[in-house]
Every structure is written in C-alpha cells, then in structure tokens.
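To keep things clear, I will list the structure first and then write my remarks on it.
The values are calculated or read from the model by the stated rules, or taken from the named source; none is laboratory data. In this text, all values refer to a predicted model and were calculated from it rather than measured experimentally. No Cβ is skipped: glycine too gets one built from the backbone with ideal geometry, and neighbour counts run over all protein chains shown.
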2 protein chains.
Amino acid sequence: MNNFEYCCPTHVVFGKGSISKLRELIPQDKKVLMIYGGGSIKKNGVYEQVKSALDGYNLLEFGGIEPNPKYETCMKAVEIVKNEGVDFLLSVGGGSTLDGTKFISLASCYDGDDAYDAIMIREEHPDRVIPIGDVITLPATGSEMNDGAVISRLATDEKLPFHDSRVYPKFSIIDPEVTFSLPVKQTVNGIVDTFVHTMEQYCTYDVNSPLQDDWALGILRTLIKEAPKVLANPCDYDARANIFWCATCGLNYWISLGVVQDWATHMIGHELTAFYGIDHGQSLAIVEPRLLKNQKVAKAQKLAKLAREVFGVNESVDLKAADIAIDKIEEFFNSIGMKTKLSDYGIDAAEAAQKVRDRFRVRGTKIGEKCQIDADVTYDILINC
Amino acid sequence: MNNFEYCCPTHVVFGKGSISKLRELIPQDKKVLMIYGGGSIKKNGVYEQVKSALDGYNLLEFGGIEPNPKYETCMKAVEIVKNEGVDFLLSVGGGSTLDGTKFISLASCYDGDDAYDAIMIREEHPDRVIPIGDVITLPATGSEMNDGAVISRLATDEKLPFHDSRVYPKFSIIDPEVTFSLPVKQTVNGIVDTFVHTMEQYCTYDVNSPLQDDWALGILRTLIKEAPKVLANPCDYDARANIFWCATCGLNYWISLGVVQDWATHMIGHELTAFYGIDHGQSLAIVEPRLLKNQKVAKAQKLAKLAREVFGVNESVDLKAADIAIDKIEEFFNSIGMKTKLSDYGIDAAEAAQKVRDRFRVRGTKIGEKCQIDADVTYDILINC
C-alpha cells in the first residue's frame, strides 16, 4: 500500500426527509446564495422543501448552471456574490451545480482578470473561499464528498478539473427520494459515471491493497445488482438509496487511499464532451471499453480479478479473463440502455480521434497510471470507439 | 438502508515515515502533553521519533496509561493539564492510550467532583474539550478515527463506553512500521478486536444495505488473508499496513452507516475484563462464538451470507450455513493462536455467568440489535463459554 493522507470534513446527512435539516446546518446570520440548474428542482418539490426549510433566511437565488458547468455562467453568479456580500453558497442540484458552486466559491474571492486561467490552468487559488453546503439531487459525481470540480469554458472548448481542500462541502444532504423523478437517461448516466469512477481508482496495477480493491469491487457488484431495480421501479427507495451511496463512495476517496489511480477514461471523455457536447456518462461508456482493450496487458491482473470477483468468471488465464471482463462491462452498460459507440451518437470516430490527438499533442498530454497513454495511443483508442 | 449522519474531521496520515509530519500538524504555540502507556514506545523508537519531530515545542509527558485505561490513572493526567495549562493532548500508543486521552480531554474541562460519574454514567459532558492528536501504534480499536472511548474504574470494577464528537482526533498518524515489534499476543488481540468490531456492525438483520455488507465482509476477507502473513513475518510491511487499515476501517463507522448494529459481544466481553482482567481481544474471542450460536436464528441470514462470501461455503440452507460460519470464525481465532474458552484462562464459566447476570440484572441491561439479550440470555451464553 502506498502512503496517503485523507481528511474530509463534510457532514453527510443521508436519508428520506433530510432536507428539513438545512436549518440546523446553515447559521441563521448568513447571507445565502442558493444555486441551482435548469429548474428541475422546481418540478420535483425540492425547491419548495429548501425554501420552506430556510424560511426567514436572507436568501438569494441563482439558477441556470448547465450540465458540464460553464465558466461563463458561473461568473454571473460570482457577480452576485461580490455585489451582494453573499457569505454562504447552497448548491441545490446535481454534481454539475455543485461543481459550479465550488468554482464560484473560489472565483468570488479572486480579484484578477481571468478566473478560469488563474484557477483551472495556473492553479493560483485565492487565499480564502466562500463556504459551501449542498442538497445533492443526482447520484453520479461524488462531488458531495470530495474537493474536486470540473468546469468547462465555452470560449475555448475546454473542460478541466481542479481540486482545493477548502471546497469540501460543509454539509451534504442526500435524500434518495428526490431521485424518484429523475429521467431514465440521467439515472443511467449516473450509474455509468459511478462505475467508471470506481474503475479509474481500481483498474491500474497491484500495490498490495486488498481492502481497497475489495471495496472497489463491492461498489461494482452493488451497482450491477441495484441498477436493474431502479430502472424497473424508479420509486424503489432502497435501490435508489444504494445507488446514491455507491455514487458518493465512488468518489469520496475511500477506495483510492494508498492505491494507484488512472483517470485516462475521464480525461479522454472530457474532450469528447467538450468537442461534441455528449453527456459525461455517455463519453465514459464510449471510451472505457476501448481504453481497457488497448491497455489490457498492463491492467490484466486487476481486470482478471474483476472478472472473477464481480462477474464470477471461471477462467484461470489472466489475459483471457481480462478480455471477458471488458466485454461484460460493455454488456452491463448496454443492458441498462447506455450506447457505447461514437457512431451511436452520430460522431465520426476518425474525426474525433484526430481532434483529441491534436489537442493532446499541443498540450503534451500523457495520461494513464504510468503516463503511458499519449496523443498517439489516445488516437488508437478513439479510432476503435 | 436506514437514515444516517456522518462527520469525521480527522486528518489521517498513513504510511512509513509519517511521524516526522507531527510538526506540520500541531501548532507551534501549543503547550502539549504527550500521553503514553507502559513504555513500549521507549523501546521501539517511537518516543525518539516523536521527541525529534517536536523539538523546540513546549512538551510535557505523562506515561502509564494501562490497557483498559483506568479512570484513576487518567485523573493524574487531568491534574497536570489543569495545573500546567496544557492546550493540546498528543496520544502516543495504542487504543487504550488514545481512549484515555479522550477521557482526559473531557475531564480536564470538567470542574465537578466525580468525572467518571459525570461523563461515563450521567453523560454530562463539559462545554469544551482539549484538542487531541495521536500517533497510533496498535491496530485494533479504530479509536484513531472515531469519537468513542472505553474507560474502566478500578474502584467499582466498571468498564463503560462514551461518545463525544469533539474528541475525534484532529489528526491520526498511522505508521505500520511501528507495529513490526509488537508482541504476537497484541497482534492477535488486535486482529480479533477488528474482526469482532466488524461483526458487531454487520451481523444483525438485513436492512437492504448491500454495499455496507459487502465492505464489512471485505474487512473479514482481508483479515483472514493477511493475519497469517504478519504472524509468519512480523516485518512484512504490506501485511502490517493492510491489517492496520482494516483495524481503522473496522471502527471508523464507514461500514455501519445506515445499518443496524449489535454491540452485545463487546458489552459482555467488557464485564469479563472488568471482573477477571483478561485482555479485551481475549474476552471477545470467548464470547463471540457462543453469542452467535445463541442468536443463530435471529442472525441466520447475515451469518449464511458470511459463510458463503467470506468462507466460500456451498450450503443453501441458511441455518446450516450459519452454523458453519460460526465454527469457521472460531477456527480462524484458534488458527492465529487465540484461545476461545473461559477455561483456557482459568475462569469458571458458572461463576462468570452468574456474576455478569447479577450485574446486568441490577442495571436492567438489555443488549443485542432488538434488546433481546437480557441478564438471563447472557447467563445462557456465558455458561457455554
């Protein structure tokens, strides 16, 4: 096991009826900006629950954070925070809204010209942040219990991640009932996102960390068992709760402590989203199987273990078991209605492969657990997607 | 899954060489009381590492916290804290030292007559605490990442637990190398303690929490795989690291969120330790198999799952599989050199059963996940131990 450090100060409040606890979690003297997305919270009752819980608070609102949250939109919220002296940010929505809120938290304390260049590229973070809390409504990103966010910039077709320990939410309210009304597409996107998060932290090479490995495989086993239940019955509380807790644990770092990670599928997926606007979950489902095929030899041991301990495959040769595992992962994605080919989304593989290769060449991008995936390897992966 | 809340602010620093990071973790203006146990840290180099890391600090020392830390001893440290104006407590030792430190943290801020009665029995905790950090040297209690402690009082043969969210350590340093020199007996005690902690959180009844169940079984699987390695080679770093991380995760609440727990084995074990002075791990190894046999019907589903998913038992009838699981647990304890009968420790079962029954009757104790284990059931369990 490798050395590690870990500290997540987030107070998690999980379960039905939890939104009413907001009042205990935000000091009453705070000036709160409630940040949300496209307005689904106004249809599913969450908006009303939040307003009711915070009755009497000095509460402003900012709606319109998009999926793959945009720098340009976030900066409009930053204006409000600065002009109104907001001192608490409440994200009410999915991981995109929360990621946007994390960026707003930092950018509101930054006084320079271009907050995207400063925070996302030069990593020059301001010396203070605005505290954050959230009501998370989509099981997917794990943003509710981590210190990361991914922000896109329309002007330059960029989609980049950042981390800052000060943007761990002070609290995260997770009420699985709010996911009963999720569109099927978002439910499926979230399941795939969680699955791939787990893979990125598990599927590298062995550093003798059996507990972390077992726990990662436990998330995959649970997703595979619970996913058909939520699709068959969207109001199955326990299945929704289990999927949500998998999503949170898929990226709260508990499975990645002391192990080697590889976020290549996400990095390539981000480019597909930036260029073609496909959903984050879709981009991952396209890239993951082909990336694993391409990296099969390097990842054979972990893939074979996955084949045996998740899919019950009885195959003693690691490389053969690895192949079966990859096929079964793609079958699982397809079985929940997720398409896994670029052509399914009307995207030309040759064009996509070239575009991403060119960008990675310019940036000198090298990804994978041993930096073994450069621009040309990425081309080889995408041409087969 | 049941509703839950969770917040652990502890900064975990895990891995070889971590003790040198103490300097970054304790503010230099603090007056620190370093609290330790029987002096093993002076033999294994830990004391020197701590002193060296804190060179220049205003550092006092208090040694002599016993296994099953005693109220009477802790109160001597409280005197020092109060008289010297100590404002940071650094526990250097195992879970007993850390548990004692947690009590000292509270008792130092309590001004009444009898801190044991106030904190342990009446649960009247003071309105402030002294902050705590620790270098944990024994994989067992999980105290390094939780808010609980167990304190004994010699005067009354009592051993009771308390919880207070303010005694979560600010940081915990876990360096598996410091466990290379552990006596075999302590290594084995710690493995059994971790195993039983995990059982107490897993082995109740099903509330549809497959991820938590899978993770609990993952700890058991890992313990069973890694235990023989540390016993065969005490300086196997990875095995020591895996055992330590299992111990921490065995009681940092990650496997118990949203599930039903049953701490009956611990509660009965504590009485055996209070009356007969046997080690905590020994008491658990004695009680656990007989308690499970007694509660086999209520716990059949979880025991059968354990039989199949930990021990690979191919038995479709739950009650039969449950029986096999209990036998295999006792075999595992025996296989690592842990004796599991009262008579192995020179204790008369009839006398022990009667003593604990009498005390539970006076207290009206009812334990188990449905309060189904009263004084008489406890007698039935112990008479078979």
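In the set B:GLN261, B:GLN282, which member is touching a residue at least 60 places away in the same chain (Cβ under 8 Å), away from chain A (no Cβ under 14 Å), among the polar types (S, T, N, Q) and in a helix (DSSP H, G or I)?
B:GLN282
What is the number of the single condition among (1) surrounded by fewer than 17 Cβ atoms within 10 Å (Cβ to Cβ); (2) at pLDDT 95 or above; (3) closer than 25 Å to A:ILE278 by Cα that A:PRO139 does not meet?
Result: A:PRO139 passes all but (1).
Suppose the filter is more than 14 Å from every other protein chain (Cβ to nearest Cβ), in contact (Cβ under 8 Å) with a residue 60 or more places away in the chain, buried (at least 19 other Cβ atoms within 10 Å of the Cβ) and of a type in the set (Val, Ile, Thr); does A:ILE19 pass it?
It is false that A:ILE19 is more than 14 Å from every other protein chain (Cβ to nearest Cβ), in contact (Cβ under 8 Å) with a residue 60 or more places away in the chain, buried (at least 19 other Cβ atoms within 10 Å of the Cβ) and of a type in the set (Val, Ile, Thr).
Scan the stretch B:230-258 for residues that are more than 24 Å from A:ASN3 (Cβ to Cβ) and facing another protein chain (nearest Cβ under 10 Å) and jot them down.
B:LEU257, B:GLY258
Quick check, is B:PHE171 touching a His at 6+ places or on another chain (Cβ under 7 Å), among the hydrophobic types (A, V, I, L, M, F, W, C) and under 24 Å from B:SER18 (Cβ atoms)?
Against the criterion (touching a His at 6+ places or on another chain (Cβ under 7 Å), among the hydrophobic types (A, V, I, L, M, F, W, C) and under 24 Å from B:SER18 (Cβ atoms)), B:PHE171 qualifies.
Being in contact with a Ser or Thr (Cβ under 9 Å, 6 or more places away or on another chain), farther than 20 Å from A:VAL196 by Cα and either outside the structural domain of A:ILE268 (by TED's automatic domain parsing) or not in a loop (DSSP other than H, G, I, E, B) (or both) is the filter here, so list the residues in the stretch A:357-385 that pass it.
A:ARG357, A:ARG359, A:PHE360, A:ALA375 - these are the residues of the stretch A:357-385 that are in contact with a Ser or Thr (Cβ under 9 Å, 6 or more places away or on another chain), farther than 20 Å from A:VAL196 by Cα and either outside the structural domain of A:ILE268 (by TED's automatic domain parsing) or not in a loop (DSSP other than H, G, I, E, B) (or both).
Please work out which residue is farthest from B:ASP157 (Cα to Cα), limiting yourself to the stretch B:43-65 and to residues that are modelled with pLDDT of 95 or more and charged (D, E, K, R).
Applying the filter and picking the extreme gives B:ASP55.
Quick check: anything in the stretch A:109-131 hydrophobic (A, V, I, L, M, F, W, C), in contact with a helix residue (DSSP H, G or I) (Cβ under 6 Å, 6 or more places away or on another chain) and under 29 Å from A:ALA239 (Cα atoms)?
Checked the stretch A:109-131: no residue is hydrophobic (A, V, I, L, M, F, W, C), in contact with a helix residue (DSSP H, G or I) (Cβ under 6 Å, 6 or more places away or on another chain) and under 29 Å from A:ALA239 (Cα atoms).
Criterion first (among the polar types (S, T, N, Q), more than 10 Å from chain B (Cβ to nearest Cβ), part of a loop (DSSP other than H, G, I, E, B) and in contact with a helix residue (DSSP H, G or I) (Cβ under 9 Å, 6 or more places away or on another chain)) does A:THR198 satisfy it?
The answer is no for A:THR198.
Here's the yes/no breakdown for (1) under 27 Å from B:PRO176 (Cβ atoms); (2) in contact with a strand residue (DSSP E or B) (Cβ under 7 Å, 6 or more places away or on another chain); (3) surrounded by fewer than 24 Cβ atoms within 10 Å (Cβ to Cβ):
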{"residue": "B:ALA264", "(1), (2), (3)": "no, yes, no"}
{"residue": "B:HIS270", "(1), (2), (3)": "no, yes, yes"}
{"residue": "B:PHE275", "(1), (2), (3)": "no, no, yes"}
{"residue": "B:LEU291", "(1), (2), (3)": "no, no, no"}
{"residue": "B:ASP318", "(1), (2), (3)": "no, no, yes"}
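Please return the ranges of strands (runs of 3 or more DSSP E) entirely within the stretch B:1-108 where 1 or more residues are within 30 Å of A:LEU25 (Cα to Cα) and of a type in the set (Asp, Glu).
Correct list: B:4-6.
Go through the stretch B:206-225 residue by residue and tally those that are assigned to a helix (DSSP H, G or I) and either facing another protein chain (nearest Cβ under 7 Å) or among the small types (Gly, Ala, Ser) (or both).
10
Quick one: what pairs do we get from the stretch A:89-115, first residue surrounded by fewer than 24 Cβ atoms within 10 Å (Cβ to Cβ), second among the charged types (D, E, K, R), C-beta under 6 Å, 6+ apart or different chains?
A:CYS109/A:ARG128
Within the stretch B:333-369, can you find the residues that are under 30 Å from B:LYS229 (Cβ atoms) and out of contact with any helix residue (DSSP H, G or I) (no Cβ under 6 Å at 6 or more places or on another chain)?
Selection gives B:ASN334, B:SER335, B:LYS339, B:LYS341, B:ASP344, B:TYR345.
Exactly one of (1) within 25 Å of B:LYS225 (Cβ to Cβ); (2) touching a residue at least 24 places away in the same chain (Cβ under 8 Å); (3) not in a loop (DSSP other than H, G, I, E, B) is unmet by B:ALA155. Its number?
(1)
Condition (residue is buried (at least 22 other Cβ atoms within 10 Å of the Cβ), of a type outside the set (Asp, Glu) and more than 30 Å from B:GLN212 (Cβ to Cβ)) applied to the stretch A:295-308: is it met by at least one residue?
yes
Take the stretch A:309-326 and flag every residue that is of a type in the set (D, E, K, R) and free of Cβ contacts under 8 Å to residues at least 24 places away in the same chain.
A:GLU315, A:ASP318, A:LYS320
One line per residue, one yes/no per condition, for (1) within 14 Å of chain B (Cβ to nearest Cβ); (2) buried (at least 19 other Cβ atoms within 10 Å of the Cβ):
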| residue | (1), (2) |
| --- | --- |
| A:MET1 | yes, yes |
| A:TYR6 | yes, no |
| A:ASP55 | no, no |
| A:LEU59 | no, no |
| A:PRO69 | no, yes |
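Check the stretch B:280-287 and report whether any residue there is within 28 Å of A:PRO176 (Cα to Cα) and not aliphatic (A, V, I, L, M).
no
Does B:ILE26 meet the test of being within 14 Å of chain A (Cβ to nearest Cβ), buried (at least 16 other Cβ atoms within 10 Å of the Cβ) and modelled with pLDDT of 95 or more?
no
Any idea which of A:GLY346, A:GLY337 is modelled with pLDDT of 95 or more, on the phi > 0 side of the Ramachandran plot, assigned by TED's automatic domain parsing to the domain that holds A:ALA307 and within 21 Å of the chain's Cα centre (by Cα)?
None of the others qualify; the one that does is A:GLY337.
Going by the conditions given, is B:THR73 closer than 24 Å to B:HIS163 by Cβ, surrounded by 22 or more Cβ atoms within 10 Å (Cβ to Cβ) and at pLDDT 95 or above?
So B:THR73 fails the test.
Looking at the stretch B:168-207 only, could you name the residues that are farther than 24 Å from B:LYS229 by Cβ and of a type in the set (Phe, Trp, Tyr)?
B:TYR168, B:PHE171, B:TYR205
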